[in-house]
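Visitor: Let me begin by handing over the structure; questions about it come next.
What follows is calculated from the coordinates using simple rules that are stated; it is not laboratory data. Predicted model only: the values in this text are computed from it and were never measured. Cβ atoms come from the backbone with ideal geometry, glycine included; neighbour counts cover every protein chain shown.
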Amino acid sequence: MRGPRRDHSLFKNYDDVYQDNTPYLEFKELYVEHSFNNVDFRIGIQRFSWGRLDEYTVNDLFNPWDYTRFIFRSLEDRKIGVPSVSAALDKGGWSYQAVWVPWLVPYRLPKPNERWAIVPADPSLSKVPGAEIAPQEPGLPPKKLENGSIGFRMQRLGETEWAFNLFHGYNLRPVFRSTA
């Protein structure tokens, strides 16, 4: 695995968990939309909201989260917009939505020396000789179409909201591993 690199890019990328580019620009959403026979098509960088609980959104599986300043960001602002294609249709009180994300976009974590680091590089490890925290990029699957995500949602709004979600893809939650 490769370690995080110093990134002097103006834009965040879709390949790395640890990115060290400050200041930066990021497009949360940037897409082209076209309607045809009551179906809305979108292609570009999008964010999706498929259900909501108090904080942990179990059905919201398309957008990874940016954990670099998570305390100061709303739930919607934590979502990283992903390159995707979507189609939506409203008919007979039901709404239907299909989404395709062609490759895996990972979550973002702060480096140990950054303000909101999940595992801070503090002096508590100084008591262990030679100990250091060296974050490494996770082994992500290759950027191929078979490693993308696809989903379909049927939803009925009213006094009671009903939704059926089908999803095939990767879990976008952080995974940590330590070595001695």
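Visitor: Please list the non-local residues whose amide H lies under 5 Å from the amide H of D66, H modeled 1.01 Å from N, same-chain partners needing a gap of 5 or more.
Guide: K79, I80, R108
Visitor: Around Y18, which amide H atoms from residues at least 5 apart in sequence, or from another chain, sit under 5 Å from its own amide H, with H modelled in the peptide plane?
Guide: Close amide H contacts, sequence-distant or interchain: L109.
Visitor: Given H placed on each backbone N at 1.01 Å, which residues far from S149 in sequence or on other chains put an amide H within less than 5 Å of it?
Guide: Distant-sequence amide H within range of S149: V101, W103.
Visitor: Right, next: Give the cross-link partners of K79 among the lysines, using a straight C-alpha distance below 18 Å as the criterion and excluding same-chain residues fewer than 8 apart.
Guide: K12, K28
Visitor: How many nm is it between the label spots at A98 and H34, if each spot is 7 Å from the Cα in line with the beta carbon?
Guide: 1.6 nm
Visitor: Between W162 and E137, what length in nm is gained on full extension when 0.36 nm per residue of separation is reduced by their alpha carbon distance?
Guide: 5.1 nm
Visitor: For each of E159, E137, E29, count neighbouring Cβ atoms within 10 Å of the residue's Cβ, then give the residues from fewest to most.
Guide: Starting with the residue having the fewest Cβ neighbours, the order is E159, E29, E137.
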